[in-house]
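Following: one structure in structure tokens, then a few remarks.
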């Protein structure tokens, strides 16, 4: 991943958080849980360190 990809992913994450923060309080928990699940899936599907 290069710097442009990292910047784009950071911007996407910040946009998602802004959308969540604009929601009514009662809906934010579910939105943050969905974001958490999405990020966890991305981490799990990424390359693994064979030396870890």
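Could you give me the residue pairs with C-beta distances under 9 Å whose first residue belongs to segment 1-25 and is modelled with pLDDT under 95, whose second residue is exposed (fewer than 10 other Cβ atoms within 10 Å of the Cβ) and assigned to a loop (DSSP other than H, G, I, E, B) wherever it lies, and which are 6+ apart or on separate chains?
9/1
Please work out if residue 38 is loosely packed, with under 10 Cβ neighbours inside 10 Å, without any contact (Cβ under 8 Å) to a residue 40 or more places away in the chain and in a helix (DSSP H, G or I).
When the stated conditions are applied, residue 38 does not pass them.
The values are calculated or read from the model by the stated rules, or taken from the named source; none is laboratory data. As the structure is a prediction and not an experimental result, all values here were calculated from the model. Cβ coordinates were reconstructed from backbone atoms using ideal geometry, including for glycine residues, and neighbour counts include every protein chain displayed.
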